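Novice: Dumping the structure here so I can ask a few things about it.
The values are calculated or read from the model by the stated rules, or taken from the named source; none is laboratory data. Given the structure is predicted, the values throughout are model-derived calculations rather than measurements. No Cβ is skipped: glycine too gets one built from the backbone with ideal geometry, and neighbour counts run over all protein chains shown.
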Amino acid sequence: MNSPQRGATRLGTAVLAIVATAAVAPLIACGGSAEKTPVATPAPATSAAAESPAAATGPLAPEESAWLDAVGAINARVQGDTTASPESAEVSGEDLRRLAETYRTCSREITRLGDPPSERLRPVHDIVLQACGEYDEAAEVSDQLAELLPKLESGTSEVREFSEVSDRMAAALINAGSLMVDAQAKAAQIRIDAGQW
């Protein structure tokens, strides 16, 4: 007969699998890697760059390129932190809370970067905001899982709740990853249109 602890371990391992799958899928779609990338801080945008018609159709201004690089680094940082190999196959409440903080990095960093330096970058900004909203949802769910983990006993309502909440986490992570792929594709198209790809 399975012990409650062994059941909790299996569920915890399932959560790690959810996190790994949801994190790696968008990277594969983009041909990227899970290496950690420092988030660069672009130079403050000038009002002339934001208002100039040439800036909206010509080559990217330095502050536009820096902003796009910084946005790409946000995703690489979140993905890198969540795909790091765990020290153990068992997941703990501390692991889940650490994941929650990692997911919240997205909103913190896009808020720190602020508005894009030109309107042609606005679509990328808006998509990333949606992705960060999904990561925030995953963070909230991860905190819930951390609270549920110590209460798990095979066959109880906590196990069912843990499973249901895990499904919510998977959905949020998949949505976030898909949106980040869309944002990266939009950023790439902007660079191509500007003749800088």
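Novice: Please tell me if Ala187 is at pLDDT below 95 and closer than 30 Å to Leu68 by Cα. Talk me through it step by step, then tell me what you get.
Specialist: On the way: at pLDDT below 95: no; closer than 30 Å to Leu68 by Cα: yes.
No: the conditions fail for Ala187.
Novice: Here's another thing I want to ask about it. Being buried (at least 20 other Cβ atoms within 10 Å of the Cβ) and either within 21 Å of Glu94 (Cβ to Cβ) or over 23 Å from the mean Cα position of the chain (by Cα) (or both) is the filter here, so list the residues in segment 118-145 that pass it.
Specialist: Within segment 118-145, Ser118, Tyr135, Ala138, Ala139, Val141, Ser142, Leu145 meet the criteria.
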